[in-house]
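Below is one structure; the comments refer to it alone.
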Amino acid sequence: MFGYGWLVLIAPLLGFLSLSCLGKRIPRSIAGYLGCATVGFAFFISLILLVHLSVLEPEERVGGAQALYTWIDSGQFHLDFAILIDPLSVFMFLIVTGVGFLIHVYSLGYMEHDPEFKRFFAYLNLFIFSMCVLVSAADFFFLIVGWALVGLASYLLIGFWRDKPSAVLAARKAFVMNVIGDVGMLVAAFMIFETFGSLSYQKVFEMAPTMFLANDMNMILITLFLLVGAFAKSAQLPLHTWLPDAMEGPTPVSALIHAATMVTAGVYLVARCHTLFELAPFTMYVIATVGIITATFAGTIAMVQTDIKRVIAYSTMSQLGYMFLAVGLGMFSFGMFHLMTHAFFKALLFLGAGSVIHSLNEEQDIRKMGGLAKAMPVTYITFLIGSLALAGFPLTSGFFSKEAIIMGAYHSEMGNILFWGLAVFTAGMTAFYTFRLFFCVFQGDLRTPDAHPHESPVTMTGPLVILGFFALAAGVLGPWVDSFLSPVFGGHAEHYQDGFLETIAVFVGLGGIMTAGLLYMVRSDKIEPIKEALAPIQEILFHKYYVDEIYDFLIVKPVKAISVFLEDMGEKKGVDFAVDQVGEQVREVSKYVSLWQSGRIRDYAVNMVAGMALVLIFVAFL
Amino acid sequence: MLFFIVFIPLVASAALWAMDKDSVAPVRSIALGGTGLCLLFSVFLLFGFESENNGMQFVAGLTWVESLNINLKFGIDGISLWLVILTAFLGVIAVIYSTSQKNDQQREFLALLLALETGILGVFVSLDTISFYVFWELMLIPSYFIIGLWGEGNRIYATTKFVLFTLVGSLLMLVAILALTLEYHTATHEWSFDIDTLSHMHLDDGTQLWMFLCFFLAFAIKVPMFPLHSWLPHAYKSCPIPALILITGAMSKAGAYGMIRFCLPLFPSAIESLALLIGACAAGGMVYGAWIAVMQKDLKSLVAYSSISHLGFIVLGIFSYNSQGVEGSVLQMVNHGIIASALFIIVGIIESKMGTRQLDKLKGMGTPMPVLYGMFMLLALAALGLPGLNGFVGEFLILAGVWTSVTLSDMAAIYVLMGGAAIVFASIYMLYMFQGAMQEKNEDLPKDLEDINCAQFGVLLPACILVVFIGLYPKPFVDRIGPSVDSALHAEKTVNLPSAEDASSHH
Amino acid sequence: MGQEFILLVSATVFCIGAFGFMVRKNPLIMFMSVELMLNSVNFLLIGYSNILKSLDGQIFALMIMAVAAAEVVVGLALILTIFRTRHDLNVDHLDSLKG
Amino acid sequence: MLIDLGWFSFDLFQITYDGVLLAVGGTAILAALGVVLCSSPIYSALYLIGHMICLAILFLMYGAEFIAAVQLIVYAGAVMILFLFIIALLGGKKESQSFDFHKFMALSFIGTVLAELALSARVGPTRPVTGIFDEKLIADVGNAKAIGLELYSKHLIPFELASCLLLVAGVGIICLSKFTYKPPQRRSN
């Protein structure tokens, strides 16, 4: 039915292969356009798929798995390499290739002066390919393949500036965290295979409701292990520490991978496996709880960070928390909707930040910025749009998606006042830190006098404008998203209307913006004492609750220490020693045995006679 | 055909001894010709091989000792097919790589290398226990001299330990081989050393247990499996890289191959009773090796410890005793052979370029050497089991096999989680290695540092291609392995020992 | 006085010889002890050749004598050489094969 | 010559023969003891000569005239003279004797062996080896010629080998005495 679906995958793959293997033969000028073109082509195909799907009856939209070739056939383990074209995957295709395309274009300008321009585009293409594999996988195996490949691409791009030790470190951290997630997924896949005898989505999702009642132990375990992967990829507590560090990568990468697409894979996973998760309400509750806690946790940290990209990174974590809250509460299409709007406005914010950084010659500290509004009008306006959307300002896209989630946090089946309260509180914080950032960067006076900020080239501002448009207007797509995805989720998510709660949420958001304005626009001495009073809290928040340090102390150091210990005690003093001792002891014993060989003829004679006596005894008596 | 494959390297080796000591070019061309021809023939095997046939193919025999019915009988099935090709392939790589290095006694070195290749190939194709044993020992002798004469560091200690260790195991195996045939003789009053014939013999549980232990010890030492691995780090650290390609790539597989060829069909009940224990050792070895590798500074010993970890996977897969696990193990043997030997080549290249292989003295080689950077990355990723590359296929099948295994069922979940931990550790140490050597900025790099040359590229390229190909399309490999594994797992016991009534009627 | 006599005498002499070889330190006396043992065997052979009515025993005895003569000659030469190099006749001091 | 005393009859010739046999055998044993127990090699050598003469007599009594002669000529004559020469050359130092554990061991083992050998004296006559002991022939040609006939017909090859052995021994001693011997360096440990 969708026989051309594989074109989405093949285009970026070809781009990656040609850029990486034929590196020297492709001129630099073409390389960038080639990278963009492949993704653009993939986006085009995705659009065709969208149209194709839209003209079908809703019932026919699901289940279009397309086997490309038999990957393995071992015992009862049979696996095809198949791609699944259904509304959910096409929805993700659109976001990935669409935002991806814009960011590719943006990178043309951003990375213009980088000596390793081609390698960058090769990696970006690899990422798009991997992400497409992830979302189009028709079974858990290729889900894991895509899952790990995006982790790889993320690793490569975080560590793109390989001369920087901090980037190398951050890349490694991200990869290892992701591998932990992969292993969780792997275990889940084994459990699924053992339980259902198949890894294909279609079979598993068909069999699961008929085989298990809600909260069956099997289902809970499977979903929890899937969740390990999801949490690692989406930087949820406690596997979140890699995401802020991942900002070491080039800014377009942060926009594409660590805001718009890859980190949302966890949400996608939960949405994709909603059949399984719905059978495990316990896990759903875990998801919602972890989601809202992460949202609050990251929001508090974001309030005090000074690195422009880190603020946005923590905000990403926080927004991902919202998405998990949504899917955890069973509002899958809202989660996906927020995923989409978030992809727009967060990519926009990152790209805007990139534009700022670019013009200030790699300066990332917001305390040294300010007053850029005049120098960079396009960036200024688009960034404002992004900030408003993120803060959930009414009628922007973020408002619609976030509002739906906050309402659901109270009204949905598992929702309660605590979820709602934290969600609203976080919304307030979001508004606060977003505008703190905004005001610090664009308002006031320039705090580094020797900088000469300038507007970025059109390759960079163009994507900003387009994304700005979507960040502003994508809110109207909400109902469409819901109806488009409903065949996958088997129904519409209920949109709860509650004017009172809605008003509170809006006002909390506005309050956040106002507070930021008060604190950072109006410089008054009255604020100083408050700041001083809050200094200890700020200290904790600035150090991100010391999670990195705790992990370092609890996990990294012991792992290294045990490794050294094992080599020392296990190898040198253990296994080696034991084996060497066998030899040593033989030698030691032989030292005594060799005394028997005294070298004196008479002793030998005695031995001989003794032997003779023994033989004679043997002959005579036995 | 198989006779050619096995003995061509030996003939070439003999020819090398006959060569003039100083003639470099003819020595190289003979060595290269011998291994190349061997590879050519073994690739032909691929075309003649019937993938549906689960029996032995290309069987060829030669009577050796007639009165005891000992034959020099060769044949391959899906399991040994890939290992033979792998060995022939690695043989060519090793010879190419060693000719690109300076070596005073190249003639002797190459001759021993070729003899080693014959030994390994012979092990993989032997269908007769005695000839298996002979080739098994034949592997040992050249490697003893290679490590002892061309090694580095504490080479005498290393080689002595290696040889003594393996010898203990193989002598136990000889005892078991003879006992096995005696059992057969008691049952049927005929002599046979044929593996196929013997594996149809029914053995009682106690006999199975001790014979299994004898065989298993020999193989476990050769693999080597934790905690019998003590020789490996020393031997690998000392061994010159070209020989290491064969030793790590092919010879260590001989142990695992032996487990599949002997232990699985011959001693099913012993496996059932001991699988949990062996699984615990193997799983422990995975984590142990990986964990130690995390803090290794010497690249060679890092890869050595990572080998211990990966070989733990292989053994675990074998003793999951179901088709996925064993097929995964066979595939992983091939994978590990490719990856580990390629990694060792890279370590060798790094050492020759920088004069050191200590991780804390290496830095930032990626910038002047983009090709090596890319290849190193690909191989490191394959080694850490990145999905889409070959390492993952094997690990996935193995762990899937373990998870669904009947023999390991009590502990399966724990073993799989340990495997997961090993994968996580693998990502840590592989990245330490790759990033430590290739990334960051280094002002002290030699000015004339150049990227790898054509020969080195040519050596690494096939490995890279295979890494990707097996990762993307393992079906042709698994299809050929599958039927043979099934027949090894379900050996029919048709030859019965005399039961109690028969025994009493003899008196 | 049949074969018991022969056996007893020869056994006794043999044992005396062996004893002497074991306890004496002078190589000359040790050689003599060896001669004693050889002679005891000779006696046995001769005695039984008489009892069994066979000449083979005597032939054997002859051979033994030839061998003994050769052995004595070489042995004494060795003793002489050793003495020349070490100026010492105590065999206990000749222990360079000590393990 | 049978002497019949009614209650006790015996063959006088036989008893004399046995008596001589006993006496000579006892002397031989005593001489052997003397060889072993004398502290000075010169006495040992003399005792050994005595022992050999006793044996020669015994050989005679068992009807091996030729061997007896050879015993006297080769052993008591040549070999023992050689011994005496060497003793004269090296000086017949006494050796200090002490009773130590070694001797005790030797004694006990010898005791065991002797006891066992003595036990073997109780066995019955063994099965004769198939030899031709033609008493008529010996009576005709004499012991020496009979041995010669045997030796040069049936046992020719061993005989020649024995002569080879003697030749080798001769060459060997020349080598030993002609070329000086340099002791090798002792191992360091």
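List B:SER67, A:SER136 from most exposed to least, where exposure is judged by having the fewest other Cβ atoms within 10 Å.
By the 10 Å Cβ count, ascending: B:SER67, A:SER136.
What is the set of long-range amide H partners of B:GLN57 at a cut-off below 5 Å, with H atoms built 1.01 Å from backbone N?
Under 5 Å from the amide H of B:GLN57 lie the amide H atoms of B:ILE76, B:ASP77, each far enough along the sequence or on another chain.
In degrees between 0 and 90, to the nearest 10, how far off the longest principal axis of chain A does helix A:576-593 point, with axes built from Cα atoms?
Taking Cα atoms only, the helix is inclined about 10 degrees.
Within straight cross-link reach of D:LYS93, meaning Cα distance under 25 Å, which lysines are found once same-chain residues fewer than 8 apart are removed?
C:LYS25, D:LYS103
Rank the residues D:ASP4, A:ASP498 as a footprinting-exposure proxy: fewest other Cβ atoms within 10 Å of their Cβ go first.
Least to most surrounded, the residues fall as D:ASP4, A:ASP498.
If one takes the longest principal axis of the Cα atoms in chain A, at what angle in degrees, from 0 to 90 and to the nearest 10, does the Cα axis of helix A:281-302 lie?
Helix A:281-302 sits at roughly 70 degrees to that axis.
For peptide A:171-180, compute the average count of partner chain beta-carbon atoms within 10 Å of each residue's beta-carbon.
5
Order these peptides, A:326-337, B:81-92, by their mean beta-carbon neighbour count within 10 angstrom, highest first. Walk me through the numbers before you get to the answer.
Details: A:326-337: 28.9, B:81-92: 25.7.
Output ranking for A:326-337, B:81-92: A:326-337, B:81-92.
How far, in degrees from 0 to 90, does helix A:308-328 lean away from the longest principal axis of the Cα atoms of chain A, to the nearest 10?
90
The range B:67-132 to the range D:32-86: how many Å between their Cα centroids?
Using only Cα atoms, the two centres lie 69 Å from each other.
Which value, in debye to the nearest 20, describes the size of the charge dipole of chain A about its Cα centre when Lys and Arg Cβ atoms bear +1, Asp and Glu Cβ atoms bear -1, and nothing else is charged? Provide the component values of the computation, followed by the final result.
Details: 34 positive and 46 negative charges, 279 e Å.
I would put it at about 1340 debye.
Between B:PHE49 and C:SER96, what is the spin-label point distance in nm, taking each point 7 Å from the Cα along the Cα→C-beta axis?
6.2
Counting only other chains, what is the mean number of Cβ atoms within 10 angstrom of the Cβ of each residue in peptide C:34-44?
5
How big is chain A along each principal axis, measuring the range of its Cα positions in Å and listing the largest first?
Principal-axis extents of chain A (Cα, largest first): 115, 61, 59 Å.
On full extension of the chain, what length is gained from D:TYR17 through D:PHE179, given 0.36 nm per residue of separation minus the C-alpha to C-alpha distance?
Full extension from D:TYR17 to D:PHE179 adds 53.0 nm.
Along the range C:58-67, what does the Karplus equation 6.51 cos²θ - 1.76 cosθ + 1.60 (θ = phi - 60°) give for ³J(HN,Hα), rounded to whole Hz, x for Gly and Pro?
Values per residue, Gly and Pro as x: 5, 4, 4, 4, 4, 4, 4, 4, 4, 4 Hz.
Which entries of B:LYS361/B:LYS447; A:LYS233/B:LYS297; B:LYS73/B:LYS161; A:LYS346/A:LYS402; A:LYS573/B:LYS363; B:LYS300/B:LYS361 have Cα-Cα distances beyond 20 Å here?
Values: B:LYS361/B:LYS447 16 Å; A:LYS233/B:LYS297 30 Å; B:LYS73/B:LYS161 32 Å; A:LYS346/A:LYS402 14 Å; A:LYS573/B:LYS363 31 Å; B:LYS300/B:LYS361 14 Å.
A:LYS233/B:LYS297; B:LYS73/B:LYS161; A:LYS573/B:LYS363, as the Cα separations exceed 20 Å there.
Can you compute the charge dipole magnitude of the range B:189-292 about its Cα centre, using +1 on each Lys and Arg Cβ and -1 on each Asp and Glu Cβ, nothing else charged? Give it in debye, rounded to the nearest 20.
Computed about the Cα centre, the dipole is about 640 debye.
For the pair A:GLN76 and B:ILE156, what calculated FRET efficiency results from E = 1/(1 + (r/R0)^6), where r is the Cβ-Cβ distance and R0 = 51 Å, to the nearest 0.05? Write out the running numbers ahead of the final one.
Numbers: r = 51 Å, r/R0 = 1.00.
For R0 = 51 Å, the calculated efficiency reads 0.50.
What spacing in nm lies between the two simple spin-label points modelled at B:ASP410 and A:VAL582, each 7 Å away from Cα in the Cβ direction?
So the label points at B:ASP410 and A:VAL582 sit 2.7 nm apart.
So for B:PHE49, B:PHE219, fewest C-beta neighbours within 10 Å to most, what's the order?
B:PHE49, B:PHE219
Using a 7 Å offset from the Cα along the Cα-to-Cβ direction at both D:PHE101 and B:ALA25, what is the distance between the two label points in nm, to one decimal?
7.3
Per-residue HN-Hα couplings for the range A:111-116, Karplus 6.51 cos²θ - 1.76 cosθ + 1.60 at θ = phi - 60°, whole Hz, x for Gly and Pro?
9, 3, 9, 6, x, 10
Show me A:239-245, C:89-95 ranked by packing, highest mean number of other Cβ atoms within 10 Å first.
Answer by packing, highest mean first, reads A:239-245, C:89-95.
Averaged over D:75-87, how many beta carbons belonging to a partner chain fall within 10 Å of each residue's beta carbon?
4
Arrange the peptides B:338-344, B:104-110 so that the one whose residues have, on average, the most other Cβ atoms within 10 Å appears first. Mind dumping the intermediate values first?
Numbers: B:338-344: 27.9, B:104-110: 19.0.
So the order, starting with the most tightly packed, is B:338-344, B:104-110.
With charges set only on the Cβ (+1 for Lys and Arg, -1 for Asp and Glu), what does the dipole of the protein assembly as shown come to about its Cα centre, in debye to the nearest 20? Let's see the in-between values first.
On the way: 74 positive and 101 negative charges, 796 e Å.
Using Cβ point charges on Lys, Arg, Asp and Glu, the protein assembly as shown gives about 3820 debye.
Since every read-out is calculated from the coordinates, none of them should be taken as a lab result. Being a predicted model, the structure only gives us computed values, none of them experimental. Neighbour counts are summed over all protein chains in view; Cβ atoms, including those assigned to glycine, are modelled from backbone coordinates with ideal geometry.
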